[in-house]
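Peer 1: Attaching a single structure in structure tokens format; questions to follow.
The values are calculated or read from the model by the stated rules, or taken from the named source; none is laboratory data. The model shown is predicted, which means the values in this text are computed figures rather than measured ones. Ideal geometry is used to build each Cβ from the backbone, glycine not excepted, and the neighbour counts take in all protein chains shown. Calculation scope for accessible area: heavy atoms of the full protein, side chains included, ligands and nucleic acids excluded. Shrake-Rupley method; radii C 1.70, N 1.55, O 1.52, S 1.80 Å.
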Amino acid sequence: MTVLKQSQLDQLVLKLEADKQSLLSEVREELENSGNQQHIELLNREPGDSGDESMANALADFNVAMLDRQIHGLRDIEAAFRRVKEGEYGVCIDCGDDIGFTRLQAYPTAKRCIVCQEKREREYVQEGHPSM
Ligand SMILES: [Zn+2]
């Protein structure tokens with residue numbers, strides 16, 4: 001279980017929501033500027049019952065390279081909301097420790113505590129993958 005206080009969790013959820021909105025407005029802008037009719041139709045689609053979950057997937061289907069960063073960000077945020085719902089938000093997916101409020105404030109989509117994150121990045125580098 002997460003040790004985040006409800007007020008802290010509320011604050012982080014608000015931040016995730018704000019980050020999501022700013023990513024979506026970037027997406028909107030990119031799609032509008034693309035001049036591609038299909039993309040513009042996607043914009044006009046009402047967010048349906050399927051909810052936010054489908055937004056990143058719908059965008060990914062379009063395979064819009066310029067939106068890679070936003071799609072990635074939206075997926076992270078969607079995953080974070082899912083963890084909030086399941087009561088797993090703020091808990092490291094590797095070691096089960098608390099990620100900590102300070103770290104979450106800086107990275108509201110963090111899935112790992114700082115120790116596991118650094119360990120993972122080191123391993124990635126050793127395997128020859130560039131770290132994020
Ligand atoms: Zn950890």
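Peer 1: Gly128 fails exactly one of the following numbered conditions: (1) modelled with pLDDT of 95 or more; (2) more than 11 Å from the ligand (Cβ to nearest atom); (3) not in a helix (DSSP H, G or I). What is the number of that condition?
Peer 2: (1)
Peer 1: For residues that are of a type outside the set (S, T, N, Q), in contact (Cβ under 8 Å) with a residue 24 or more places away in the chain and open to solvent by 70 Å² or more (accessible area, probe 1.4 Å), tally how many sit in the stretch 99-108.
Peer 2: 0
Peer 1: How many of the residues in the stretch 1-29 are free of Cβ contacts under 8 Å to residues at least 60 places away in the same chain, hydrophobic (A, V, I, L, M, F, W, C) and touching a helix residue (DSSP H, G or I) at 6+ places or on another chain (Cβ under 7 Å)?
Peer 2: Within the stretch 1-29, residues that are free of Cβ contacts under 8 Å to residues at least 60 places away in the same chain, hydrophobic (A, V, I, L, M, F, W, C) and touching a helix residue (DSSP H, G or I) at 6+ places or on another chain (Cβ under 7 Å) number 2.
Peer 1: Also: How many of the residues making up the stretch 79-117 are at negative phi and part of a loop (DSSP other than H, G, I, E, B)?
Peer 2: Looking only at that region, the number is 16.
Peer 1: Mind checking whether some residue in the stretch 53-60 is open to solvent by 20 Å² or more (accessible area, probe 1.4 Å) and modelled with pLDDT under 65?
Peer 2: Looking through the stretch 53-60, at least one residue is open to solvent by 20 Å² or more (accessible area, probe 1.4 Å) and modelled with pLDDT under 65.
Peer 1: Only one of Lys85, Lys111 is within 11 Å of the ligand (Cβ to nearest atom) and open to solvent by 30 Å² or more (accessible area, probe 1.4 Å); which?
Peer 2: Only one candidate qualifies: Lys111.
Peer 1: For the structure I just gave you, tell me whether Cys95 is over 15 Å from Ala18 (Cα atoms) and either more than 15 Å from the ligand (Cβ to nearest atom) or open to solvent by 30 Å² or more (accessible area, probe 1.4 Å) (or both).
Peer 2: When the stated conditions are applied, Cys95 passes them.
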